[in-house]
1. If you take the residues of the range 68-80 that are open to solvent by 30 Å² or more (accessible area, probe 1.4 Å) and within 21 Å of the chain's Cα centre (by Cα), which of them is farthest from Ile185 (Cα to Cα)?
2. Residues in the range 145-192 that are within 16 Å of ligand 2 (Cβ to nearest atom), surrounded by fewer than 21 Cβ atoms within 10 Å (Cβ to Cβ) and either under 19 Å from Asn66 (Cβ atoms) or among the acidic types (Asp, Glu) (or both): how many?
3. Could you list, in sequence order, all residues of the range 278-292 that are more than 25 Å from Glu337 (Cα to Cα) and either surrounded by fewer than 22 Cβ atoms within 10 Å (Cβ to Cβ) or within 14 Å of ligand 2 (Cβ to nearest atom) (or both)?
4. Are any of the residues in the range 136-144 open to solvent by 40 Å² or more (accessible area, probe 1.4 Å) and in a strand (DSSP E or B)?
5. Of the conditions (1) part of a strand (DSSP E or B); (2) closer than 30 Å to Gly400 by Cα, Ile325 clears all except one; give me its number.
6. If Thr414 passes every condition in (1) away from ligand 1 (no atom under 16 Å from the Cβ); (2) outside any loop (DSSP other than H, G, I, E, B) but one, which one does it miss?
7. Could you say whether any residue in the range 337-346 is at pLDDT 95 or above, over 27 Å from the mean Cα position of the chain (by Cα) and surrounded by fewer than 19 Cβ atoms within 10 Å (Cβ to Cβ)?
8. Just the residues that are open to solvent by less than 60 Å² (accessible area, probe 1.4 Å) and either out of contact with any helix residue (DSSP H, G or I) (no Cβ under 6 Å at 6 or more places or on another chain) or not assigned by TED's automatic domain parsing to the domain that holds Gly98 (or both), please, taken from the range 125-135.
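The values are calculated or read from the model by the stated rules, or taken from the named source; none is laboratory data. Keep in mind that this is a model prediction, so the values were computed, not measured. Cβ coordinates were reconstructed from backbone atoms using ideal geometry, including for glycine residues, and neighbour counts include every protein chain displayed. The area values use the complete protein model at the heavy-atom level, side chains included, leaving out ligands, DNA and RNA. Shrake-Rupley method; radii C 1.70, N 1.55, O 1.52, S 1.80 Å.
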Amino acid sequence: MADTGTQIREQIRAVLETFTHPPRAHVQSFGCQLNFCDGEKYKGILQDLGYELTDTPEEADVILFNACAVRAHAESRVIGRLGALKPIYEKNPRLVVGLCGCMAEEEEVRALLRKSYPFVKLVLGAGAMERLPGALAEIYRGEKRAESLDFTGLPDESLPTVRDSGFQASVPVMYGCNNFCTYCIVPYVRGRERSRTPEAIEQEVRVLIGQGYKEILLLGQNVNSYGRGLDEAISFPALLRRLDAIEGDYFIRFMSSHPKDATPELIDTMLGSKHIEHHLHLPVQCGSDRVLKEMNRHYTLETYLKIVDYAREKDPDFGFSSDLIVGFPTETDADFEGTMEIVERVKYDNLYTFIYSRRAGTKAADMEFVCTQEQIAARMSRLLARQREISEDFNKRFLGKNVRFLAEKRDPETGLLLGKTRHGLVLEAPGTPEDIGRLLTVRVTGVKNWALSGELLREDSHAE
Ligand code: SAM
Ligand code: SF4
């Protein structure tokens, strides 16, 4: 019979008691916000088992890399960093090195670890967080490897979490993805969509706001399909309204929204809310209907622009940001001109641009490339240069206005606070260390590239 949770804990405790120093664990996350959020749970589990958390891998007894599978280049960097842990392991053979997250779900990656990195003994898939204590216990019992792959369920609601910030918190609302965009590995490594219940989400958000958190970031691969499959049907806008009703002074942000499921109701909910940002991250990916079809995105530029225009009619300052892929295998010069046109038309505040990365097992991996790496690099620099000009120009809409912003950090040399406004724009303003983590009102006095600058208004002033 398998050991119970309590027996596993006792086994681990017994091992940790034999250490001549306090047991320490180091968790490093790579990739998207969801991975960082999972990383906070790994930290919570390890702390609960009796490890102190450390930022220094050299002094750790457990090192976990929680890594992302979306792009090949990022994966190679993680493999390189895992390799760099070998000398640390050789000095301390009791060290447990593990790879977890969606990168661990790839068979190719696991085969490489088995062959070339045998000291990486612990491998946990994106949905196998609860298996961490059991896997550690197996390794302490002398097993050569502990592998657990799972991406079908929801993490246990009672998992402990160590938050990286005391004022910004990520809250997953759903996991997985059903969309199978032809370039993307996510559905293969994070499984099908499943949503947390609204009760569990609301309870978590209430507690966070009660603890003084000022920004709640709701996460999911496609938050707009939140609620499908739950016993009691609920839409994402309905969830937003439920959370927005919680008393307090805080921002609600969320990502990502798939354009095929973004509705006028979503925009109305955002604009009618007290707390939700007036900014939508709406990844268009490409400005060509032909390519969008080959990407299996299920929207056209016309339907995409309808939602942009709807929001801007109601609030001309409404902000959009997007993910864009440059160099999808079949992207021609004409398709790329379409991308330049959509960027011109929407006037995004911010773009997350990615060079297409071939992912084995996806449909696009078998498509033939029609462009060279040089062409792709030239397209990317043209896109970035134009976007910089557009952001700077469009951000001027806030000049002279009072805005609320959350001060996230402060440069001690310049004394400048850096944070984001309710419209999702980066803003800099002089302030004190005590201002960090506060929602403040600022008069916008300047625009620098993609960021606003301004002056704090200490008295309670009206802000947008
Ligand atoms: N689910 C979100 C959506 O569809 O908007 C995005 C999640 S995905 C992890 C984040 C972004 O990575 C995507 O929007 C896409 O731009 C980019 N991406 C995904 N697969 C990629 C690939 N194979 N090559 C380059 N970029 C990719
Ligand atoms: Fe990937 Fe598309 Fe799902 Fe986003 S919607 S995670 S891009 S498959």
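1. Keep residues of the range 68-80 that are open to solvent by 30 Å² or more (accessible area, probe 1.4 Å), which gives 70-74, 76-77, 80.
Adding the requirement that they be within 21 Å of the chain's Cα centre (by Cα) leaves 70-74, 76-77.
Values: Val70: 6, Arg71: 9, Ala72: 11, His73: 14, Ala74: 14, Ser76: 16, Arg77: 18 Å.
Restricting to residues being open to solvent by 30 Å² or more (accessible area, probe 1.4 Å) and within 21 Å of the chain's Cα centre (by Cα), the top hit is Arg77.
2. 2
3. Taking the range 278-292 first, the residues more than 25 Å from Glu337 (Cα to Cα) are 278-279.
His278 - this is the single residue of the range 278-292 that is more than 25 Å from Glu337 (Cα to Cα) and either surrounded by fewer than 22 Cβ atoms within 10 Å (Cβ to Cβ) or within 14 Å of ligand 2 (Cβ to nearest atom) (or both).
4. Quick first cut of the range 136-144, residues open to solvent by 40 Å² or more (accessible area, probe 1.4 Å) only: 138, 140-144.
So of that shortlist, the ones also in a strand (DSSP E or B) come out as none.
Checked the range 136-144: no residue is open to solvent by 40 Å² or more (accessible area, probe 1.4 Å) and in a strand (DSSP E or B).
5. Status for Ile325: all satisfied but (2).
6. (2)
7. Going through the range 337-346, the residues at pLDDT 95 or above turn out to be 337-346.
Still in the running and over 27 Å from the mean Cα position of the chain (by Cα): 337-338, 341.
Those left that are additionally surrounded by fewer than 19 Cβ atoms within 10 Å (Cβ to Cβ): 337, 341.
Scanning the range 337-346 turns up at least one residue that is at pLDDT 95 or above, over 27 Å from the mean Cα position of the chain (by Cα) and surrounded by fewer than 19 Cβ atoms within 10 Å (Cβ to Cβ).
8. We begin by selecting, within the range 125-135, every residue open to solvent by less than 60 Å² (accessible area, probe 1.4 Å); these are 125-129, 132-135.
If the condition is that a residue be open to solvent by less than 60 Å² (accessible area, probe 1.4 Å) and either out of contact with any helix residue (DSSP H, G or I) (no Cβ under 6 Å at 6 or more places or on another chain) or not assigned by TED's automatic domain parsing to the domain that holds Gly98 (or both), then Gly127, Ala128, Ala135 are the ones that fit.
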